[in-house]
Amino acid sequence: MGKTPENVAKVRDLILQDRRLTIQDLCNTLGLSYGTCQRILSEELNMRRIAAKFVPRLLQNEQKQHHLEMFRELQQQLQENPNFLSKVVTGDESWVIFLIGNKCDLDAQRDVTYEEAKQFADENGLMFVEASAKTGENVEEAFLETAKKIYQSIQDGRLDLNAAESGVQHKPSQPGRNTLVNDQQANRDSCAC
């Protein structure tokens, strides 16, 4: 079987439906080996796991064009109707949405100016930073600022870690994975009888 065009298409379709799938989920669903699924994701689809989602490392030209068209369309709709986004239900005040401009080190390849993106983010209550995966510039800042904002929502009581609707859930590690266990939990989970 292996990396056939059909298998690549099946993996792509499943990941686009649910980017939180694990490689093992793909193996079980498609009957492919772990190595085959991993190669398809990394070599054929040029994806890697970030946090809990598979995302493209680099956008293909048609994806870039689509994102630019969507940005321009949203920008136009906002100019025509400044209250446009108030009708869109995306979450609540505990949501953290971070607009990250990628490849800030490549000015010549820029489709949207820093000022345009910053203005869009400010007008729509989004956090914003430009980053470079190549140089690492501002990559850590984006994650840290997001984590700080989530932590502040928890501290302010707007986000409950134990509520399913909060979207933030701790799941115990799957068997076979390395975990850090505090002494109290280790004592509770072990039996001395």
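Values in this text are rule-based calculations from the coordinates and carry no lab data. Everything numeric here is computed off the predicted structure, so don't read it as measured data. Note that each Cβ is placed from the backbone with ideal geometry, even for glycine, and that neighbours are counted across all protein chains shown.
Stretching the chain fully between residue 24 and residue 67 yields a gain of 12.4 nm (0.36 nm per residue, less the alpha carbon separation). Label separation (residue 154 vs residue 115): 4.0 nm, computed from points 7 Å beyond Cα along the C-beta direction. Protection proxy ranking of 144-154, 72-82, 32-42, by the mean of other Cβ atoms within 10 Å over each peptide's residues and highest first, is 32-42, 144-154, 72-82.
Among 70, 47, 127, a tally of other beta-carbon atoms within 10 Å of each Cβ gives an order, fewest to most, of 70, 127, 47.
Among the trypsin sites (Lys or Arg not before Pro) within the range 1-32, those in coil by DSSP and having at most 16 neighbouring Cβ atoms inside 10 Å are 3, 19, 20.
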